[in-house]
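Colleague: Pasting in a structure now, in structure tokens, and then I'll have a few things to ask.
The values are calculated or read from the model by the stated rules, or taken from the named source; none is laboratory data. Since the structure is predicted, the reported quantities are computational estimates derived from the model, not experimental observations. Neighbour counts are summed over all protein chains in view; Cβ atoms, including those assigned to glycine, are modelled from backbone coordinates with ideal geometry. These area figures cover heavy atoms from the full protein model, side chains too; ligands, DNA and RNA do not enter into them. Shrake-Rupley method; radii C 1.70, N 1.55, O 1.52, S 1.80 Å.
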Amino acid sequence: MDPRYTAEIFKHLEMQNELLLESYSSISHQLHKLQVEEEMLMRKFHELMKAQTVNKKNENNGNISTALVDPACVEGDEAENNFDVECECG
């Protein structure tokens, strides 16, 4: 490396360093915004799935013909009369 150009090279490297720091800052800011948006969307998705599960349970409780019971899950004589029990056996 020629010592005559050391000052120019140093100035150029400092400028490159500033540009890289600005780029890093910008990318970090964009990443943070995307992470916040992702978290918000995941919360909304969770709320939607929860509401959908509640709706399906309400539909099944209102319609006896769709509520299936595994007789092995129900103890004693209740197997013949209990149609609204959800099986937690398996």
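Colleague: Provide the solvent-accessible area of residue 50, counting protein heavy atoms only and rolling a 1.4 Å probe, rounded to the nearest 10 Å².
Modeller: Estimated to the nearest 10 Å², residue 50 gives 130 Å².
Colleague: If each of residue 24 and residue 5 carries a label point 7 Å out from its Cα toward its Cβ, how far apart are those two points in nm?
Modeller: 2.7
Colleague: I would also like to ask the following. Can you give the net charge of the other residues whose Cβ lies under 15 Å from the Cβ of residue 12, counting K and R as +1 and D and E as -1? Can you show the working numbers first?
Modeller: Working: positive: 4, 11; negative: 2, 8, 14, 18.
Net of charged neighbours comes to -2.
Colleague: Give a residue-ordered list of calculated ³J(HN,Hα) values for segment 38-49 (Karplus: 6.51 cos²θ - 1.76 cosθ + 1.60, θ = phi - 60°; whole Hz; x for Gly, Pro).
Modeller: 4, 4, 4, 5, 5, 5, 5, 4, 4, 4, 5, 5
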